[in-house]
Structure formats: C-alpha cells, structure tokens
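Undergrad: I'd like to ask you about the structure that follows.
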Amino acid sequence: MKTIGNKIVRIQDVATVKDTVIEPRSAYHHLHGETVDKAILVNVLQNPDASSPVTIDAVMKLAKELEKEFPGIHLRVAYNNAGFVDVLFDNMRHELIAAVILTGVCVLFFLGEWRGTLIALTAIPVSLAMSLLAMAPLGMSLNSSTLIGLLIAIGRLVDDAIIDIHAVERHLRMGKDRRQATIDGITEVRRSVLAATIVLIVALIPLMLSGGLTQLMFVGLGWPIIFGLIFSFIVSMTLTAVLCSRFMTLPESRPKTWFSRLFLAPFERKLEALERGYERLIRWLLHHRFANFVRIGITVIVGFSLYYFIGSEMMPLGDVGQASLQMEMQPGTSFAKTEKATKQLEQILIEEGGRQGWIRDASLELGAEGGPGMTTGGAYFTGYQMSQVSGVSGMLSLTDKDSGRPDIWTLADKIYDRAMKEIPGIRRIQIKEMGSDVMATSLAPVALLIYGKNLTLIDKLGHEVFNIAKTKALNPATGKSDLAQPFLSWEMTKPSYTVVVDEDKAAAHGLSPAAISEQAYYALRGGFPMEFYRTPNKRPTTILVRYEESQREDLSNLQGMFLTGKDGEQIPLLELVRLEKRMAPSAIEHDQLRRVVSFNGYYRKGGRPSMDVTMDVQMRALADLNWPPGYGLEARGDMTQMMDSFRVMLSGLAVALVLMYLILVAQFGGFLQPLQMMFSLPLELSGVFFMLWIMHQAFSTVSLLGVIVLSGMDIVTAILMIDLILQYRKAGVPRNEAVATASPQRLRPILMTALITIFVMAQVAFVPKSGLDAYQPLGTVIIGGLIVGTVLSLLDIPIMHTVVDDMVRWVQDRVFKVDPESLPPVE
C-alpha cells in the first residue's frame, strides 16, 4: 500500500482480506403449489409479430435440450401465457360453434325450410375464412379482440344472404322461375344491402384510424368486422345468388316432414300473425302520429336519464387468471428482513390459494441487483415501483376462472388483508389483475397527483387525501369506501442524517464539502477501486474496500470517524460538520417537472366505477383541504385515459355520422330521406343506457365502441324499410299504403338479423368466459340497443317517413307554389 521510510505497509497490516461473494441484495423465489424454490429468473421475449404458442413450444424444446446438456440445471416454467392462450382459443372455438348453431336454428325457424337455411349458413364459413385470410397480411392474430369482432360479424355475415333469400322467395311466390326470381329479388335489394354494408364500414373506419391508445385498444376488434362485411356482400352477390338459382323452391312444393309440422309450421303461422298485427299497428299509428311522438319523447327522456345512474370507467374489469404483485417494506429495511417478509408472504399465498390449487405459480423477485459501491446497483423504476432492497415484485398465475376458484379480486383482497396485518414492517402491497387489453399494465385505475415544491408539505397533503378517501368518499348506498388497496407512491419515512459542513473550518484543512461527503460515503458504504484476476470471457473478481462491520453499524460510528486532510492529517468528522436527523422521502417522483406524490387505489365490481370514485375523492379533497399557492390536485389513472379515449371516440363517431349521412344522400339522391334514417340513432341509446343500468355496468370505452357499432346496425334497419317504401311509391302506390305494405315485408329479415346478433352476443353479455369478460359491456350494449332500437325503429321510422314527406309537401305548396294535385298521393 505504502512505504514509510524503510517500512512497507501491506494490506494485511491494516485490513482483513476475505475471499467471499458480494453481499446479496437480490433474489428470486418461485412458488409452485406448496413448494418454494430459490432460482435464477431467465426472461424470454418474443418478437411482436411472433405467435405466442409457437414461441413457447420452441422455448420448451430448447429447455429440455439444455437440461440434458447440463445435468445439474433444472428449468421450470415460472410464467407463460400459453395457458391463457389455450383457454382463449377453446373459448373462442366454443363461442363460434355456439354462434353458428344458434344462427342456423334462428334462420331455419324464420325461413321455415332447410334449403334456404343451408344457403344462408354457407355465407358464414366462406366469409370467415376470407376474413381470416385478409387479417394475415396485417399481422393480426387470433385473440380476445379479434374473437369479439368475429362474433359481432357473424350476425352480419348471414344478414345479406337472409335479405337475398327472403327477396327471392317473395318473387318465387309471384310465379317466376328460380333463375328469374333470383335475378329480380337480389336486384331489388342490392342497393339497400350495399348502402347498409358501406354505412357499417364507415361507422368503424374513423375508429380504426384514430391513432394512439384508442386505435391500439380496438383495431383488433374493428378489422374483423369490416372484413366480414366486405366478404359477406361479395358472397351474397356470388355464391348466395348461384345457390338460390339452383336450390330455392316454393313453400308449397317443399316436402312436409314431422319437424316441419311440429315446429316450423306453427312458428310460420305465428310470424304471419305477427306481420298482420304489425301492419294493423302501422296503419293505426299513421292516424295517431302525435301520440306516437309523445311516446318517443318519453322513451328518449327516460332512457337518457338513466345515464346519470350508471357511472363511467375506462375499461371493464377482467379476470384472465393473471395478476401482478408489488410489495414494499418500510424504507431502510435490510435485504435479510425483506427476504424474511417474502417468506411470510409466500406462506400466505400457499394458504390462500396454493394449497387449494387456485394459484398455480408465483414468481417473486426481491431487492435490486448490484451491491455497495457498484455502478450497476441502486434503484431503478420497474413501471410499478422503485426497485430497491426493500421491494418485492412478482407475477401470480391462477387457474381458469371457470374452474370454480374465487374471482381474482376476492383472492387479491384476502392476500392483501393478511399481508398488511401479519407481515411486520410492510409499507404497502398491491395485487392487480392483468387484463386482456392494452390497459392491463396501468399502475392503478384510481390515481390522483398531489403536486408542489416542498416534499414535507406534499407528503402531509398526500396523507390527508388518503384519509379523505378512506373515511369521507364513501358509497352512499353502502356507507363504505369503494377503494381497495389504497396507497401513496412514497412517504417521508426514510430515516437519514444530513451532514452540514462548516465550510470555513473545512477549507482551513484543505477539504471541500464534496471531499468530506465522499470520504464519509465510502468509509461506511465502501467502494470498488479496481478489478482483480481479469480473465477474458469470465466475470472478473472485484475488490471492495470498507470499514469493518463493527465500525459501520450505527450513528456513533459515523460520529467517531476521522477525515484525511490535505497533508494526511486526521481530523475528527464532528470538528468540521454537524449531523441533523430528518426523515427523507422513500422516492422522489416528478410529473411535468413538478414534485408530486400520487395517491392510488383500485375499485371492485359491485361498487362505484373508477371515474366516480376518482371524482368523489378529488372534489372532497379540493373542498376540505387548505391548498397553499403552488400546490394542487390532479386526476390521473383511468380518468385521464378515459377522457382522452372518449374524446377521440366521440370525434370518430361524429365523423362517422357525417360520412354515413353523405353516403345515404348519394345513395337516395336527396337530403331529407337520409335524415329520417339517422332518426334511429337516439332511439338505440335509450336501450343502451337501460341495459347497462339493469346489468349494473358502467359506461366505458367498450360501451362506446358498442354504440358506434350499433349506429351502423340501426341505420341498416332504416335503410331496408325506407328503400322498399320508396320502391312502392315509385310504382305509384299512395304513401300511406306504401308504408303499411312495405313495413311488414321487411319485418322478418330485420327481426332475423337482430335476433341472430342478440343470440350470438348473449353469452358474452351474461356469462362471459375467460378472456372475454372485459368485453361484457359490449355485449350488453349491443343487446340492449338492438332490442329497443329495432322495436322503436320498426314503429317510428315508417311514421317519420310520413312526417318528412308532409314537410316536403308543405314547402312545395307554400314556398314553391306547386299544385298539390300534381304531388304523389298520400292516401
């Protein structure tokens, strides 16, 4: 080390040299069932365009080869999404099979014979296959989003074929041969089918091109619908037409089977009676239009008023059997104590789910890499917390939710309650479900930022907001807080000592504050001055220099240390500095260059949704607390994401409505006829809000997507009705007679299409399987909107046509002075 005169001072003369390992500051534990093993975690990341099952199979084969090549190594799967993907594919297959079967049954009963049913059903596999082929060049895979898109599309895949078949059958009844009936029938409805297809596509295109988070969330759902619509129209123009011209027959020439006599014939008589009753109702409404409009107004007012009772959220909660876990001990907790706490947590996991087989695997990563003085050590942000020796992060893999286990939130809250009570020194623990959407990685849905300059004051305000959230922002219905697992991102609880340097005294000894802090820091923490035994392709041996453990145990060691001056003199530390004890923040958080602390929490099904909870806490905190100048409270989490997404989606809906109107203007050659078709849109919203209220579901981005899809579906109903009414009027039929005649003829295909979509979406809306529960409100919205929107459209669109026609006649009579006798007849 040094030569003093003739004496050589060696390291062994002043220090003890030990050949050891770096002090452990990180570890990895893997829990499988009731077994916990220490291990090393190896993460394998797939390319964005790769298939998860294919990648996982390749990794598993490689793992087996490595175990054979290195007998001492045992590889165990800690986590993979293959289980979820397999469950999702099984659910998707069952959903699609059930949808096709229900569609076939519905078509069979409405058409009343098997030939037309088979012709209509051929559109499903052909259109689906073509849609899947079209998805491949876009790099899309089969997942929960594309599955929902395909399910929604199924109702429309047979819609075009049903309309064609119904029109062909009507022309067959006129005595035409199959070929001519097919040509005339399909030509008759082709314009309305084309308009309906374009309108539905236009409703979705703005959403697909919106960019940002909204596009990421729904692009996988929208394209399957769009492709399905396009190929359904192509199939109806080609394959359906050919099959109709070859196989369609008149009802009188069809053989009467026992199934037809027992089921189809009675159902056909009911449908015919329904059509006759519907015609009588339309004729009555034509003479009582004012009463009808009063009923419309009451329906819309009551339906829209329900919006204020359903709440709002960004994305619905979904249980896919995966959860992230974050645990943080009190600042200053050693790694040894953190590992002890982790073992207690593992025991809780075993007792609450591992023993019962509900928790298959739990991967827990403790602490942070590195060690004293290492440049690669220290804290880093994982996306959920600062990774330090006092922190634990992990992933839980559960069995499928349909296997009989409790839902993921019940398990998470039980684990949370026990951990907070039983683990000494714990500051917080969070267990969050990992949904099947792009929002699955957000920290917490309920999040508020308290900002300012002084960390102590920010911390004080943060705790006051925390108390308000727990004690005042309560659910009016239950009197309890709707927040689960609330926490602050950091607290002023980290014990620390500030070294205040007397700069004049320090300068007299040739020391600067930086030099003093450096000596104090390395004396206690140690440092790595160099590497030893540096061998190529091998990890070098490092040298750590620091005081003995007995000389760096407590404050007295720091107070008694000596500093080395400019001439090698030894100066007691306390001659140059004073030590001030204070509490420091466990982390320093910034948002837009401001110091902040974030209050976070989760919400649960059955309580108020995230936006309602966030708004309640925010408004109460702003009203009850004293906020100094420069300090304030802002919403984050789901609320800001939801507001941005709602803004984008509503803008997309507005653009879609304008485009749909312009397309209808071009299709029907006027500006007034499309207006009556757009009239169906507010009618559907009454059913949407009513259904969400009945199902106790919040209005979310998924719900808004359903509204966008519904907008196109309901306008299709109006297009089919108005188009046929106009055809009758062009043939010279008086207006009211045209309305009363055309409306019943469109009743059957309209009801058929609506019922097929309702049947297909019923399981998603009422008993969703794993991977699909986050889309439950989509099914709810579509079912509610279709039921109410279809019924009201069938009643109101024909009457609205007469009102618009009366307005046109009034303008022509009063403004343009057209002779009323020259106008088309009304009665």
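Undergrad: If VAL665 meets every condition in (1) of a type in the set (Val, Ile, Thr); (2) surrounded by fewer than 24 Cβ atoms within 10 Å (Cβ to Cβ); (3) under 30 Å from LYS270 (Cα atoms) apart from one, which number is that one?
TA: Every condition holds for VAL665 apart from (3).
Undergrad: Can you tell me which residues in the stretch 491-507 are surrounded by 13 or more Cβ atoms within 10 Å (Cβ to Cβ) and either at pLDDT below 90 or touching a strand residue (DSSP E or B) at 6+ places or on another chain (Cβ under 6 Å) (or both)?
TA: Matches in the stretch 491-507: MET492, THR493, LYS494, TYR497, VAL499, VAL501.
Undergrad: For the stretch 640-745, which fully contained helices (runs of 4 or more DSSP H) count at least 2 residues that are under 30 Å from ARG173 (Cβ atoms) and touching a Lys or Arg at 6+ places or on another chain (Cβ under 8 Å)? It would help to see each step written out before you state the result.
TA: Details: elements: 672-678, 680-694, 701-730.
It comes to 701-730.
Undergrad: Then there's this: Looking at the stretch 232-251, which of its residues are assigned to a helix (DSSP H, G or I) and among the aliphatic types (A, V, I, L, M)? Steps first, please.
TA: Restricting attention to the stretch 232-251, the residues satisfying the condition of being assigned to a helix (DSSP H, G or I) are 232-237, 239-247, 251.
Of everything in the stretch 232-251, those that are assigned to a helix (DSSP H, G or I) and among the aliphatic types (A, V, I, L, M) turn out to be ILE234, VAL235, MET237, LEU239, ALA241, VAL242, LEU243.
Undergrad: Oh, and also: Looking at this structure, is ALA514 exposed (fewer than 13 other Cβ atoms within 10 Å of the Cβ), of a type in the set (A, V, I, L, M) and farther than 30 Å from ASP554 by Cα? I'd like the intermediate steps shown before the answer.
TA: On the way: exposed (fewer than 13 other Cβ atoms within 10 Å of the Cβ): yes; of a type in the set (A, V, I, L, M): yes; farther than 30 Å from ASP554 by Cα: no.
No: the conditions fail for ALA514.
Undergrad: Among the candidates ASP402, ASP417, ASP413, which residue alone is at pLDDT below 90 and part of a helix (DSSP H, G or I)?
TA: ASP402
Undergrad: Kindly provide the set of residues from the stretch 125-144 that are surrounded by 24 or more Cβ atoms within 10 Å (Cβ to Cβ) and closer than 23 Å to PRO768 by Cβ, ordered by number.
TA: Passing the criteria: SER131, SER144.
Undergrad: Next question. List the residue pairs whose Cβ atoms are under 6 Å apart, where the first residue sits in the stretch 456-469 and is in contact (Cβ under 8 Å) with a residue 24 or more places away in the chain, the second is in a helix (DSSP H, G or I) and of a type outside the set (Asp, Glu), and the two are 6 or more positions apart or on different chains.
TA: Going by the 6 Å Cβ cut-off, the qualifying pairs are VAL465/ALA621; ILE468/ARG620; ILE468/ALA621; ALA469/VAL617.
Undergrad: Going residue by residue through the stretch 66-84, is there one that turns out to be buried (at least 18 other Cβ atoms within 10 Å of the Cβ) and not in a loop (DSSP other than H, G, I, E, B)?
TA: Scanning the stretch 66-84, I find at least one residue that is buried (at least 18 other Cβ atoms within 10 Å of the Cβ) and not in a loop (DSSP other than H, G, I, E, B), so the answer is yes.
Undergrad: With LEU118, LEU151 as the choices, which residue is in contact with an Asp or Glu (Cβ under 7 Å, 6 or more places away or on another chain) and assigned to a helix (DSSP H, G or I)?
TA: None of the others qualify; the one that does is LEU151.
Undergrad: Report, by residue number, each residue of the stretch 544-573 that is touching a residue at least 24 places away in the same chain (Cβ under 8 Å) and of a type in the set (Gly, Ala, Ser). Quick ask: steps written out before the conclusion?
TA: Kept after step one, since they are touching a residue at least 24 places away in the same chain (Cβ under 8 Å), are these residues of the stretch 544-573: 544-548, 552, 555, 557-558, 561, 563-567, 569, 571, 573.
Scanning the stretch 544-573 gives a single hit, GLY565.
Undergrad: Moving on. Does GLU95 meet the test of being farther than 30 Å from ASN143 by Cβ, surrounded by 10 or more Cβ atoms within 10 Å (Cβ to Cβ) and modelled with pLDDT under 80? Please lay out each step first, then the result.
TA: On the way: farther than 30 Å from ASN143 by Cβ: no; surrounded by 10 or more Cβ atoms within 10 Å (Cβ to Cβ): yes; modelled with pLDDT under 80: yes.
Here the answer is no, as GLU95 does not meet what is asked.
Undergrad: Any residue in the stretch 708-731 that is closer than 25 Å to ILE152 by Cα sitting within a Cβ distance under 7 Å of a residue that is among the basic types (Lys, Arg)? List the pairs, counting only those 6 or more apart or interchain.
TA: LEU720/ARG746; MET721/ARG746; ASP723/ARG191
Undergrad: Considering only the stretch 315-369, state which residues are in contact (Cβ under 8 Å) with a residue 12 or more places away in the chain and either at positive phi or basic (Lys, Arg) (or both).
TA: GLY321, GLY332, LYS337, LYS343, ARG355, GLY357, ARG360, GLY367
Undergrad: For residues that are under 16 Å from HIS94 (Cα atoms) and either at pLDDT below 80 or out of contact with any Pro (no Cβ under 8 Å at 6 or more places or on another chain) (or both), tally how many sit in the stretch 120-151. Let's see the steps before the verdict.
TA: As a first pass, look at the stretch 120-151 and keep what is under 16 Å from HIS94 (Cα atoms): 124-125, 128, 142-151.
Cutting the leftovers down to either at pLDDT below 80 or out of contact with any Pro (no Cβ under 8 Å at 6 or more places or on another chain) (or both) gives us 124-125, 128, 142-145, 147-148, 151.
Within the stretch 120-151, residues that are under 16 Å from HIS94 (Cα atoms) and either at pLDDT below 80 or out of contact with any Pro (no Cβ under 8 Å at 6 or more places or on another chain) (or both) number 10.
Undergrad: Kindly check whether there is at least one residue in the stretch 790-808 that is closer than 28 Å to GLU313 by Cβ and modelled with pLDDT of 90 or more.
TA: Looking through the stretch 790-808, at least one residue is closer than 28 Å to GLU313 by Cβ and modelled with pLDDT of 90 or more.
Undergrad: In addition: Pull out all pairs, ordered by first then second residue, where Cβ-Cβ is under 6 Å, the residues are six or more apart or on different chains, the first lies in the stretch 756-772 and is modelled with pLDDT of 85 or more, and the second is crowded, with 21+ Cβ neighbours inside 10 Å and in a loop (DSSP other than H, G, I, E, B).
TA: Between residues of the stretch 756-772 that are modelled with pLDDT of 85 or more and residues that are crowded, with 21+ Cβ neighbours inside 10 Å and in a loop (DSSP other than H, G, I, E, B), the close pairs are VAL764/LEU772.
Undergrad: Answer with yes or no whether GLY479 is part of a loop (DSSP other than H, G, I, E, B), more than 29 Å from ILE429 (Cβ to Cβ) and either touching a Phe, Trp or Tyr at 6+ places or on another chain (Cβ under 8 Å) or not basic (Lys, Arg) (or both).
TA: Working: part of a loop (DSSP other than H, G, I, E, B): yes; more than 29 Å from ILE429 (Cβ to Cβ): no; either touching a Phe, Trp or Tyr at 6+ places or on another chain (Cβ under 8 Å) or not basic (Lys, Arg) (or both): yes.
No: the conditions fail for GLY479.
Undergrad: Let me ask something additional. Spot the failing condition for GLY637; the list is (1) surrounded by 15 or more Cβ atoms within 10 Å (Cβ to Cβ); (2) touching a Leu at 6+ places or on another chain (Cβ under 6 Å); (3) over 30 Å from VAL739 (Cα atoms), and only one is missed.
TA: With (1) surrounded by 15 or more Cβ atoms within 10 Å (Cβ to Cβ); (2) touching a Leu at 6+ places or on another chain (Cβ under 6 Å); (3) over 30 Å from VAL739 (Cα atoms) applied to GLY637, the lone miss is (2).
Undergrad: Still on this structure: Would you confirm whether or not the stretch 457-474 contains a residue that is touching a Pro at 6+ places or on another chain (Cβ under 7 Å), assigned to a helix (DSSP H, G or I) and of a type in the set (Gly, Ala, Ser)?
TA: Looking through the stretch 457-474, at least one residue is touching a Pro at 6+ places or on another chain (Cβ under 7 Å), assigned to a helix (DSSP H, G or I) and of a type in the set (Gly, Ala, Ser).
Undergrad: Hey, any hits in the stretch 10-29 for a residue that's outside the structural domain of SER141 (by TED's automatic domain parsing) and at positive phi?
TA: no
Undergrad: A follow-up question, please. Do we have any residue at all in the stretch 287-295 that's assigned to a helix (DSSP H, G or I), in the same structural domain as ASP407 (by TED's automatic domain parsing) and β-branched (Val, Ile, Thr)?
TA: Within the stretch 287-295 (the criterion being assigned to a helix (DSSP H, G or I), in the same structural domain as ASP407 (by TED's automatic domain parsing) and β-branched (Val, Ile, Thr)), the answer is no, since none of the residues qualifies.
Undergrad: Among all residue pairs at least 6 apart or on different chains, which show Cβ distances below 9 Å where the first residue, located in the stretch 254-271, is at pLDDT 90 or above and outside any helix (DSSP H, G or I) and the second is surrounded by 14 or more Cβ atoms within 10 Å (Cβ to Cβ) and not charged (D, E, K, R)?
TA: Close Cβ pairs satisfying both conditions: none exist.
Undergrad: I've got another one for you. Just one of MET695, MET691 is surrounded by fewer than 20 Cβ atoms within 10 Å (Cβ to Cβ) and at pLDDT 90 or above; which is it?
TA: None of the other options fit; the residue is MET695.
Undergrad: Select from the stretch 618-663 the residues that are β-branched (Val, Ile, Thr) and more than 23 Å from GLY462 (Cβ to Cβ) and list them in ascending order.
TA: First pass over the stretch 618-663, keeping only residues β-branched (Val, Ile, Thr): 640, 648, 655, 658, 663.
Within the stretch 618-663, VAL648, VAL655, VAL658, ILE663 meet the criteria.
Undergrad: The conditions are (1) surrounded by 12 or more Cβ atoms within 10 Å (Cβ to Cβ); (2) within 28 Å of VAL392 (Cβ to Cβ); (3) at pLDDT below 85, and GLY112 fails exactly one of them. Which is it?
TA: (2)
Undergrad: Mind checking whether some residue in the stretch 239-248 is exposed (fewer than 15 other Cβ atoms within 10 Å of the Cβ) and under 43 Å from the mean Cα position of the chain (by Cα)?
TA: Initially, the stretch 239-248 is screened for residues exposed (fewer than 15 other Cβ atoms within 10 Å of the Cβ), giving 242, 246-247.
Remaining after also requiring under 43 Å from the mean Cα position of the chain (by Cα): 242.
Checked against the condition, which is being exposed (fewer than 15 other Cβ atoms within 10 Å of the Cβ) and under 43 Å from the mean Cα position of the chain (by Cα), the stretch 239-248 yields at least one hit.
Undergrad: Would a scan of the stretch 176-194 turn up a residue that is within 18 Å of ALA656 (Cβ to Cβ) and outside any helix (DSSP H, G or I)?
TA: no
Undergrad: A further question on this structure: Quick one: LEU31 ticks every box in (1) more than 30 Å from THR338 (Cβ to Cβ); (2) under 30 Å from the mean Cα position of the chain (by Cα) except a single one, so which number is it?
TA: Unmet for LEU31, out of (1) more than 30 Å from THR338 (Cβ to Cβ); (2) under 30 Å from the mean Cα position of the chain (by Cα): (1).
Undergrad: Kindly indicate the residue of the stretch 359-374 that is buried (at least 19 other Cβ atoms within 10 Å of the Cβ) and not in a strand (DSSP E or B) and also modelled with the lowest pLDDT among those meeting that condition.
TA: Once the filter is applied, the top-ranked residue is GLY371.
The values are calculated or read from the model by the stated rules, or taken from the named source; none is laboratory data. Predicted model, so just to flag it, every value in this text is computed and none were measured. For neighbour counting, all protein chains shown are included, and Cβ atoms are generated from backbone atoms with ideal geometry for every residue, glycine included.
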